[in-house]
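The values are calculated or read from the model by the stated rules, or taken from the named source; none is laboratory data. Just so it is clear, the structure is predicted and the values come from calculations on it, not from any experiment. In this analysis, Cβ positions are derived from the backbone assuming ideal geometry, glycine residues included, and neighbour counts consider all displayed protein chains. Protein only, heavy atoms only, side chains kept; ligands, DNA and RNA dropped before computing areas. Shrake-Rupley method; radii C 1.70, N 1.55, O 1.52, S 1.80 Å.
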Amino acid sequence: MSRLSTGFVRANGYANKVRKVLFALTRGKVVPENVVRASAQLNQYLFDKLQELSVKKEDVVRISIGFSIKSGEIEWNYDSLQIEVYKKEEEEKLAEAMEEVEESERALEAIINELSNLSEKLKELSEEVSQIVETLKREHTSLKLEFEK
């Protein structure tokens, strides 16, 4: 059994894509008139299915279906039909969500940079405090030594 797959296509262009792909898959195996007839048959079936799924013309679909060639005729295996639908509204919502994620990532990156800078400053201050403590220890030890004399 062969399989027709349209790839991603806008819903308003699925019929042309089905016909072109079917011609390519059956070249030399089926006469063109039968290819046109079979693609028209499938496209009518798909039209009804897309209507049931409330697919709009600007949505993106990917259609695949199995078929066999018997006596020069194309027979569709409608049970193998797969229709993937990607709604335009969902794409817009996904784009908005991705923008929010990217914005959050940028904000997080800015906070991380700020914390990193503060960490560096604290490290420098810590080193200064350590130096002061060491200086005080030496002076205190030196005073102690002088006092003991």
query: Restricting attention to segment 54-71, does a residue exist that is farther than 16 Å from LYS87 by Cα, among the small types (Gly, Ala, Ser), more than 29 Å from the chain's Cα centre (by Cα) and assigned to a helix (DSSP H, G or I)?
result: no
Scope segment 1-24; condition open to solvent by 60 Å² or more (accessible area, probe 1.4 Å), in a helix (DSSP H, G or I) and touching a strand residue (DSSP E or B) at 6+ places or on another chain (Cβ under 6 Å); matching residues: LYS17
task: Please go through segment 26-35 and pick out each residue that is open to solvent by less than 70 Å² (accessible area, probe 1.4 Å) and not hydroxyl-bearing (Ser, Thr, Tyr).
output: VAL30, ASN34, VAL35
message: Can you find, within segment 72-82, the residue that is nearest to the chain's Cα centre (by Cα) among those that are under 15 Å from VAL21 (Cβ atoms) and open to solvent by less than 80 Å² (accessible area, probe 1.4 Å)?
response: LEU81
field: Hits in segment 25-52 (condition: in a helix (DSSP H, G or I) and among the aliphatic types (A, V, I, L, M))
entry: LEU25, VAL35, VAL36, ALA38, ALA40, LEU42, LEU46, LEU50
- request: Would you confirm whether any residue within segment 45-55 is among the β-branched types (Val, Ile, Thr) and surrounded by 14 or more Cβ atoms within 10 Å (Cβ to Cβ)?
  value: yes
field: Filter result for SER126 (under 30 Å from ASN12 (Cβ atoms), more than 22 Å from the chain's Cα centre (by Cα), among the small types (Gly, Ala, Ser) and at pLDDT 85 or above)
entry: no
message: List pairs: first residue in segment 78-91 and assigned to a strand (DSSP E or B), second residue of a type in the set (Phe, Trp, Tyr) anywhere in the structure, Cβ distance under 9 angstrom, at least six positions apart or on different chains.
response: TYR78/TYR45; SER80/PHE67; LEU81/TYR45; GLU84/PHE8; TYR86/PHE8
